[in-house]
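Worksheet for the structure shown next.
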Amino acid sequence: MHIQSRRSFMKMIAASSCSLCVLPRPLHARQNLLFAPGEYQRIDASERTYHISCAFDMFDQYEGLPEIWKESGITDVWLGTWYYGHFPYPWEKLDYWLDVLKKTGFRPHLISVPFCHGGGALDPRDSEFPNLPPPHWKIAKRWDGSENWGFSWHSPTDTEGAEAIKTLYQRYGAFDYFLDDDFRFSSTPSLIGGCVCDECKTDFISKSGVTDFRWNELLDDLHSNSDTPLLRAWVDYFCDRLTQCFRAYSAAVPQVDVGIMVMYMGCERGGIRLSDYSDNLFRVGEGGFNDNWFDPPKFKTIELYSVLLHRRYAKPGRAFSETTIYPEKTLSAENLATKLSISTIADVRNTCFMSGLRAIPPTYWPTLTKRMKQEKEFHTRLLGQNPRGPFKHYYGMASRYLGGENAYSLFLALGVPFEVCGEIPADGWTFLTEPDARAVERGELISNGSKLIARIESTSGRFTKIPEDLESLFAFRRTLLDDFRKMGVPYVEEETPVVLAWYPDANVVYLWNLEKTARTLTVCVGEKRIGVELEERGSALLEL
């Protein structure tokens, strides 16, 4: 297939294109329907499916990408359209590639980036791509004094975003539509979001009853990261605003199924009240986009932790992964492939590969395809199942309102089964991140009987300090093995970083090797011992 460069294509159709416009030229209604009348159905996957998020520039970078994707098992393609106030691609180009993808057998969907990271975060190498919103949009002012074009939800951002959906519907009919990861009020997962410009300050004060004097108190709380009613009111205010914006987007065209992409460890502090999106398409947050970040076991476990948190709210058939490499080639094919285990463990049924404006290299796909087939086979056994175990994954509201996303997650690497809890349960061992541990110290958060563990000292004796490192955690695990044997709880005998997810209703365990070394492991259940071989960063499903 001959593929033109972006520049040559745009020059060829410059007279009729709408490059870098806020809104396109007038359109004839329903020119190029994505789905035939009566064909469109909302996504609710009953099995593992594979998607890819695609910028149109990708087709210029490698020959035959659609065919490569098709052979690998990709069934759905999400196409970038509206980017923070711009339709940067000629309509004719979108129409052409939509037609190619449909003829190749893909189900097409559309995606937008409603806010803007700024500074060419998508791909600073492309000088033709707009890096900032239009000049009539308003920049955000953070409470620390910094300013950022991204994450600024002021008028007319909301109305123009809704108009973009209407424009796309006019041209393409019904479709699924993800609001990309910038749909939030915080620039990073660790920061409390919000804007302190005069407009936002006035609106917050009028709706929360805060006086100008207490405004300074709020700024002090934000700077000191203090869990106060005033700080929580601030976070709630921006959660309300983002939810209202999302609902306005959803109401703009009822035939369009709008979804939210939640950043890694995204939650209330970023303006995302997770419970508000439980009926929507929901892309769960992952973060290890390059090898330096993702290689250590700790960062694999915290990525799994983030997905398990979000799956408390996302329905499995409506849940999507954020299986991302960025920039392209900075995450190895093996690490990108091993990310697929996270969706298997958490029953996220729609894997979505993503790589910014640059395509995942064709050389990656043999490695990805092998793992994709394996994980789909494993996932078939686990559909509708929830992991169970004595170790408890709990991330409470104190942690979700305050800055800092470094959850206590390394316990997931101990080869001991775990489960996700919305409240501190009555049994097992619950691992607390610092804000929740401090809430326990204050008596605001109470255990129902579970033994509590944290990384900090307890002055009240309500929890035990165990540093978050493998040496300390495996030493702690040794004190529990007799209990596990008596309880019939499966565990990995060897002290090596591996995730063991137990699905008792299916009578299986799923194992994920977190190391770049193949391992021969032993799974113990009572007096029974079962050997298993795990490839480097590999996975296995084991009958008990």
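Selection within region 54-99: residues that are among the polar types (S, T, N, Q) and in a loop (DSSP other than H, G, I, E, B). The member of this set that is farthest from the chain's Cα centre (by Cα) is GLN61. Out of all the residues in region 268-284, is one or more surrounded by 18 or more Cβ atoms within 10 Å (Cβ to Cβ), among the basic types (Lys, Arg), touching a Lys or Arg at 6+ places or on another chain (Cβ under 8 Å) and in contact (Cβ under 8 Å) with a residue 60 or more places away in the chain? Scanning region 268-284, I find at least one residue that is surrounded by 18 or more Cβ atoms within 10 Å (Cβ to Cβ), among the basic types (Lys, Arg), touching a Lys or Arg at 6+ places or on another chain (Cβ under 8 Å) and in contact (Cβ under 8 Å) with a residue 60 or more places away in the chain, so the answer is yes. Just one residue in the set THR380, THR344, THR351 is in contact (Cβ under 8 Å) with a residue 24 or more places away in the chain and more than 20 Å from the chain's Cα centre (by Cα); that residue is THR380.
Condition first: in contact with a helix residue (DSSP H, G or I) (Cβ under 7 Å, 6 or more places away or on another chain), of a type outside the set (A, V, I, L, M) and buried (at least 19 other Cβ atoms within 10 Å of the Cβ). Now tell me which residues in region 190-210 satisfy that. GLY193, GLY194, PHE204 - these are the residues of region 190-210 that are in contact with a helix residue (DSSP H, G or I) (Cβ under 7 Å, 6 or more places away or on another chain), of a type outside the set (A, V, I, L, M) and buried (at least 19 other Cβ atoms within 10 Å of the Cβ).
Screening ASN513 on (1) in contact (Cβ under 8 Å) with a residue 24 or more places away in the chain; (2) over 25 Å from GLY384 (Cα atoms); (3) not charged (D, E, K, R) shows it passes everything except condition (2).
Take the conditions (1) open to solvent by 30 Å² or more (accessible area, probe 1.4 Å); (2) assigned to a loop (DSSP other than H, G, I, E, B); (3) touching a residue at least 24 places away in the same chain (Cβ under 8 Å); PRO254 misses just one of them, which is (3). Taking region 162-183 as the range and being open to solvent by 10 Å² or more (accessible area, probe 1.4 Å), charged (D, E, K, R) and closer than 14 Å to PRO114 by Cβ as the test, the residues that pass are GLU163, ASP180, ASP181. Restricting to region 365-400, and then to whatever is out of contact with any Pro (no Cβ under 8 Å at 6 or more places or on another chain) and among the hydrophobic types (A, V, I, L, M, F, W, C), can you tell me which residue is farthest from ARG477 (Cα to Cα)? If we take residues in region 365-400 being out of contact with any Pro (no Cβ under 8 Å at 6 or more places or on another chain) and among the hydrophobic types (A, V, I, L, M, F, W, C), then TRP365 is farthest from ARG477 (Cα to Cα). Got at least one residue in region 286-306 being modelled with pLDDT of 95 or more and under 22 Å from ILE43 (Cα atoms)? Looking through region 286-306, none of the residues is modelled with pLDDT of 95 or more and under 22 Å from ILE43 (Cα atoms). Restricted to strands (runs of 3 or more DSSP E) entirely inside region 448-526, those with at least 2 residues that are in contact with a Ser or Thr (Cβ under 8 Å, 6 or more places away or on another chain), at pLDDT 95 or above and of a type in the set (Phe, Trp, Tyr) are 508-513. Residues that are of a type in the set (Asp, Glu), open to solvent by 50 Å² or more (accessible area, probe 1.4 Å) and in contact with a strand residue (DSSP E or B) (Cβ under 8 Å, 6 or more places away or on another chain) within region 434-475 comprise just one, GLU457. If you take the residues in region 192-230 that are among the hydrophobic types (A, V, I, L, M, F, W, C) and not in a helix (DSSP H, G or I), which one is farthest from the chain's Cα centre (by Cα)? Top of the filtered list is VAL210.
The values are calculated or read from the model by the stated rules, or taken from the named source; none is laboratory data. The structure presented is a predicted model; accordingly, all values stated were derived computationally and were not measured. In this analysis, Cβ positions are derived from the backbone assuming ideal geometry, glycine residues included, and neighbour counts consider all displayed protein chains. Just so you know, the surface numbers come from the protein's heavy atoms only, side chains and all, with ligands and any DNA or RNA stripped out. Shrake-Rupley method; radii C 1.70, N 1.55, O 1.52, S 1.80 Å.
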